[in-house]
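Peer 1: Following this message is one structure expressed as structure tokens.
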Amino acid sequence: MGDNCIFCKIANGEIPSATIYEDGDFRAILDLGPASKGHTLILPKKHAANLFDLPDETASKLLVLAKKLGATLKDGLQADGLNLVQNNGTAAGQTVFHFHLHLIPRYANDTVNVKWQPGKLTEEDKAEILKFF
Ligand code: 5GP
Ligand code: ZN
């Protein structure tokens, strides 16, 4: 993959971006359509469409990096909180099919919406799901 993937081009520096961090594995960029001030995307340099395609080694480095960049964003911007959001598949809201982790700084009384209507865990669902594990 790569030729038609915009995030491959951004991650590998072929398309310029507002880069806040880069190492051999990742590039972190400011989102062009930020949910809030400081909204950042962490992109692996090697193409993976989604979480399920991400190599374990990359996945394990990712959360350490998210913690570090998230802390710097939160402190620097004096944010009140931070959401990590990561969408897999169209049904989950994924629009760019190169893995990316959203870091969304949160501010008291901001308009960001990452909420859902809580349902109820049924005995049937619980029994069905517990069988997978
Ligand atoms: P998704 O909905 O796939 O989880 O998130 C895609 C994100 O990528 C969106 O927040 C969107 O604003 C951002 N985005 C899409 N194209 C570009 C781009 O060319 N540059 C940057 N910096 N962000 C982009
Ligand atoms: Zn890609």
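Peer 1: Please give the FRET efficiency for Lys61 paired with Tyr107, using the beta carbon to beta carbon distance and R0 = 30 Å, rounded to the nearest 0.05.
Peer 2: On the way: r = 28 Å, r/R0 = 0.95.
In this case the efficiency is close to 0.60.
Peer 1: Evaluate the relative contact order of the range 1-113 (contact order divided by residue number), counting alpha-carbon pairs under 8 angstrom at least 6 apart; express in whole percent.
Peer 2: RCO, the range 1-113: 28 percent.
Peer 1: What does the extension gain come out to for Val114 and Asn12, with contour length at 0.36 nm per residue minus their alpha carbon separation?
Peer 2: 33.8 nm
Peer 1: Moving on to the next point. In the chain, what percent of the accessible surface is made up of carbon and sulfur (1.4 Å probe, ligands and nucleic acids excluded)?
Peer 2: Working: 4960 of 8880 Å².
Using a 1.4 Å probe with all protein chains present, the chain comes out at 56 percent carbon and sulfur.
Peer 1: Rank Gln78, Gln117, Gln86 by mean-square fluctuation in a GNM of the chain with C-alpha springs under 10 angstrom and give only the top-ranked residue.
Peer 2: Gln117
Peer 1: Comparing Ala35, Ala18, Ala92, which has the greatest mean-square fluctuation in the GNM of the chain with Cα pairs linked when under 10 Å apart?
Peer 2: Of the options given, Ala92 has the highest mean-square fluctuation.
Peer 1: Here's a follow-up. Could you give the nm distance between label points at Asn88 and Lys37, where each point is 7 Å from its Cα heading toward the beta carbon?
Peer 2: Label at Asn88, label at Lys37, 3.4 nm between them.
Peer 1: Rounded to the nearest 10 Å², what accessible area does Ser17 show when all protein chains are kept and the probe is 1.4 Å?
Peer 2: It works out to around 40 Å².
Peer 1: Now for a different question. Going down the list Lys46/Lys74; Lys74/Lys126; Lys45/Lys131; Lys61/Lys115; Lys9/Lys120, which pairs span over 32 Å between their C-alpha atoms?
Peer 2: Lys74/Lys126; Lys45/Lys131; Lys9/Lys120
The values are calculated or read from the model by the stated rules, or taken from the named source; none is laboratory data. Keep in mind it's a predicted model, so treat the numbers as computed, not measured. Ideal geometry is used to build each Cβ from the backbone, glycine not excepted, and the neighbour counts take in all protein chains shown. The accessibility values were calculated without ligands, DNA or RNA, using every heavy atom of the protein model including side chains. Shrake-Rupley method; radii C 1.70, N 1.55, O 1.52, S 1.80 Å.
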